[in-house]
Amino acid sequence: MNDREDHEGVSGIAGLSRREFLTVALTAGGGLLLTLNVPSAAGAGAPSRPAGTLNPYIRIDPDGTITLVAKNPEIGQGMKTTLPMLIADELDADWNDVRVVQAQLDPIYGPQFAGGSLGTPLNWIPMQRVGAAGRQMLLTAAAHTWNVPLDECAAEHGTVRHRPSGRTLGYGALASRAATLPAPDLNTVRLKTPAEYTIIGRFTGGVDSPRVLAGEPLFGIDMRLPDLSYAVYAKSPVFGARLVRANIEELKAQPGVRDAFVLRASQPDAAVRMGLVDGVAIIADRWWDAQKALRKLRAEWEPRAASNQSTHAFALEADRLAQKTPQTVLRRDGDVETALAQAHKTVSAAYTYPFLAHATLEPQNCTARLGHDGSLEIWAPTQNPAPGAKLVAETLRIDPGKIRVHMTRVGGGFGRRLNNDYMVEAAAIAQHARRPVKLLWNREQDIQHDSYRPGGFHHFTAGLDAEGRLTAFRDHFITFGQNGRVASSADLPRDHFPAGFVPALQYGQSLIELAVPTGPMRNPGGNALAFAFESFLDEVAHAGGRDPLALRLALYGPARVLPAPPPRYGLRIPPFDTGRVRGVLEEVARRSGWANRDRLPSGTGMGLAFYYSHFGYVAEVVQASVSADGVPHVHKVWAAVDIGSQIINPAGAYNQAQGAILDGLGQALHLLVTLDEGRVLQKNLDTYRLLRIEEAPPLEVHFVSSDNPPTGLGEPALPPVLPALCNALFAATGKRIRSLPIDPQHLRSAAA
């Protein structure tokens, strides 16, 4: 199998590539319009379009203007730039002449979402094919125009050149003729080799960056419409509580308020499912008027099961469950009990991490307008527009075909906007008020009504032989469940490392019933599991007298490719490659000077960690110390990252890797959501403290190229930095960090 076939096998949508086809049309002005069609089932839940109405990926006007459509939401991860770069390179366009527009939700584009670092693997080949097909049609149009053989024509920088004669024609001059040609078979178009790339692989600024810097209205929060009113929506501080009564008439009498009314939950478990819950809507001429009226709200809510839940109670229940046999055995390899009994040495430790809120810079918001025919138009900063449209249709009993969703730029997603509770709230308010409304949450609502990264408790035991090798591993994972099932993003994968690399292993699980909504957060699962597992492996290394790097290299063993897992996300998943693990571990050790860490000043230490997630291999080293008051100081972070053979946009790649590392440091140092009596105590950024500029250390990111298809980078670089920091603090102080966020009180005595 050659490299190109391998890339197609991994990156192509499983079972879809043979059914992709191009539609060619003339623009109104006589230009070329190309659309990649995929089965509409791929966009299930999205509104249908009238027959014959297609949204293009490529539009070439007679004046040479090239407009490319970015199909996926832009949440800051760079997809609005990256995906058009793939098209433009294969099209042989001049990037300086390319204009990029954001698609609206339409099944013509197939899946449209931002999550799971899947934008690159899902679209790497399809977007290249669209560009290559466009190039082929333009070359054919030129050959017909000049009446010359096709192989005498070459495309470059938005023009076609006849090599023997030197004649040239711009794409604009060829567009109308190209539009009359049959579309080529996407499975047969020739794709460039990496040596031929002119745009892919080059540092490219974000297409929206100048507009963002200029403060232009691009985000959902900026949306304006004629006769727009502003809305706030008050919900119970206890998740899912039913509203008994509220002072609606008093709210209506407040200055600037147009209306106030009650909306009811769409279903009993709407709070957990992030649907429409009971609340009070206030509509005003200005958002500040609505916000001031909100302060006058007096509401009575029914008690709920969540009312008895608290962080303290969870910890007590976790301690109780830890003394019992796990409720479920997730995985069992060999005889763990015998292996532990026969071990030369055993190590045990308990690790815990808290609930976290996303705290996106742009609070949740949505603008909605009801049409005279009952249709609904929505402008939403969403990561997942199709399920949002489906939620609105089901909740409000609207024909899905009458819902139109515009994707605005998103001021931070991190998984929060995979849920669309704010979208259904805005739609319900607009339907009731029968006027265009913009719903905007305040910061307190945003933190106290999130879908939280769930907390968790791990009780580890490891067995070592006389040489310090890991021979047995056990984890009793106490996590959260809802109706007897593991809550969203609260699971432990059966194949989580070191599963499959230790002769005797058992993963057990017990559930604490939870009435609080949880959901994905940047690198779901990995953002917590990496801290616990990689920190404990560092403990194991030190207990066995081994270098933490050497322990990991020995565990993963020699370079080999494991059997490929079954398809997920509509993709054929690349098999796990221990050679790629070794590659990034050895690279980060070399770059950081890991072998010379004993020469660091007293009180300064280095820590190392590795994590595989979202098809990316990332190893990181942190150098840190602790001040006299116990506050950690991060001096530097090194990262080695293998996300395949090609970095599509290095500017975006460095941005994402560095941003993920800083995100992880902020979680380790500060972030904590505390529950009491079923409500979140943190209210704003003073009590939910994000990483400050002065705390951000120098970062070195080194990409390790491997002969594998490229994948996304929004998430893989986050998990390793948490354990690497905690392991560095142990090296500096001798104190283990087994609970997050890091408590300076715990480190103060060591620093002294």
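Quick query: amide H of His633 versus all other amide H atoms, modeled in the peptide plane; which residues come in under 5 Å with a sequence gap of 5 or more or a different chain?
Result for His633 returns Ser625, Val626, Ser627.
Of Cys726, Cys153, how do they rank once you tally other Cβ atoms within 10 Å and put the fewest first?
Cys153, Cys726
For a 24 Å ceiling on Cα separation, which of these pairs sit above it: Lys235/Lys438; Lys636/Lys683; Lys80/Lys402?
Violating the 24 Å limit, Cα to Cα: Lys636/Lys683; Lys80/Lys402.
Kindly provide the chymotrypsin sites (Phe, Trp or Tyr not before Pro) of the range 259-297 that DSSP labels as loop, not H, G, I, E or B, and whose Cβ sees at most 14 other Cβ atoms within 10 Å.
none
With θ set to phi - 60°, apply the Karplus curve 6.51 cos²θ - 1.76 cosθ + 1.60 along the range 89-94 and write out the HN-Hα couplings as whole Hz, x wherever there is a Gly or Pro.
Calculated HN-Hα couplings, in order: 5, 5, 6, 6, 7, 8 Hz.
In nm, give the distance between the simple-model label positions of Glu586 and Asp629, each being 7 Å from the Cα along the Cα-to-Cβ direction.
For Glu586 paired with Asp629, the spin-label model returns 4.5 nm.
For the range 201-250, which chymotrypsin sites (Phe, Trp or Tyr not before Pro) are in a loop by DSSP, counting at most 11 other Cβ atoms within 10 Å?
For chymotrypsin sites (Phe, Trp or Tyr not before Pro) across the range 201-250 that sit outside H, G, I, E and B with at most 11 neighbouring Cβ atoms in 10 Å, the list reads Phe203.
Which ³J(HN,Hα) values in Hz, rounded to whole numbers, follow from the phi angles of the range 639-652 under the Karplus curve 6.51 cos²θ - 1.76 cosθ + 1.60, where θ = phi - 60° and Gly and Pro get x?
Working through the residues one at a time gives 9, 10, 10, 10, 10, x, 7, 9, 8, 5, 10, x, 4, x Hz.
Which of the three applies to the chain, rounded, prolate or oblate, going by the alpha-carbon gyration tensor with a ≥ b ≥ c and a/c under 1.5 meaning rounded?
Cα axes put the chain in the oblate bin.
Hey, can you grab everything whose amide H is under 5 Å from the amide H of Thr471? Only 5+ residues off in sequence or another chain; H modelled, so Pro and N-termini drop out.
Amide H neighbours of Thr471, under 5 Å, 5+ apart: Gly463, Leu464, Asp465.
Report, in debye and to the nearest 20, how large the dipole of the chain comes out about its Cα centre when Lys and Arg carry +1 and Asp and Glu carry -1 on their Cβ.
That gives the chain a dipole magnitude of about 880 debye.
Scan the range 532-594 for trypsin sites (Lys or Arg not before Pro) in coil per DSSP, keeping those whose Cβ has at most 15 other Cβ atoms within 10 Å, and list them by number.
Sparse-neighbourhood loop trypsin sites (Lys or Arg not before Pro): Arg560.
Per 0.36 nm of contour for each residue apart, how much would the distance between Leu150 and His372 grow if the chain were fully extended, relative to their Cα-Cα spacing?
That works out to 74.6 nm of additional length.
Considering the options Val244, Ile737, Leu555, tell which one lies farthest towards the positive end of the dipole of the chain, charges being +1 on Lys and Arg and -1 on Asp and Glu at the Cβ, about the Cα centre.
Value computed over the given set: Val244.
Between Lys345 and Thr193, what length comes free when the chain is fully extended (0.36 nm per residue of separation minus the Cα-Cα distance, one decimal in nm)? The partial results should precede the final answer.
Values: separation 152, 0.36 × 152 = 54.72 nm, distance 5.35 nm.
Length difference between fully extended and current span is 49.4 nm.
Thinking of the range 597-709 as a set of Cα atoms, what percent of all their pairs are more than 19 Å apart?
56 percent
Whose amide H sits under 5 Å from the amide H of His702, counting only residues 5 or more places off or on another chain, with H placed in the peptide plane?
Placed amide hydrogens put Ala639, Ala640, Val641 under 5 Å from His702.
Set Lys and Arg Cβ to +1 and Asp and Glu Cβ to -1, take the dipole of the range 384-482 about its Cα centre, and tell me which of Thr408, Phe480, His432 lies farthest positive.
His432
Under 8 Å for C-alpha pairs, at least 6 residues apart: give me the relative contact order for the chain, rounded to a whole percent.
Dividing the mean separation by the residue count of the chain yields 14 percent.
Give a residue-ordered list of calculated ³J(HN,Hα) values for the range 459-469 (Karplus: 6.51 cos²θ - 1.76 cosθ + 1.60, θ = phi - 60°; whole Hz; x for Gly, Pro).
10, 9, 9, 10, x, 10, 8, 5, 8, x, 7
Using 0.36 nm per residue of separation minus the Cα-Cα distance, give me the extension gain between Asp319 and Asn684 in nm, one decimal.
Values: separation 365, 0.36 × 365 = 131.40 nm, distance 3.04 nm.
Here the answer is 128.4 nm.
None of the figures in this text is laboratory data; all of them are computed from the coordinates on show. These figures come from a predicted structure and were not determined experimentally. Counting neighbours? That spans all protein chains shown, and the Cβs are built from the backbone with ideal geometry, glycine included.
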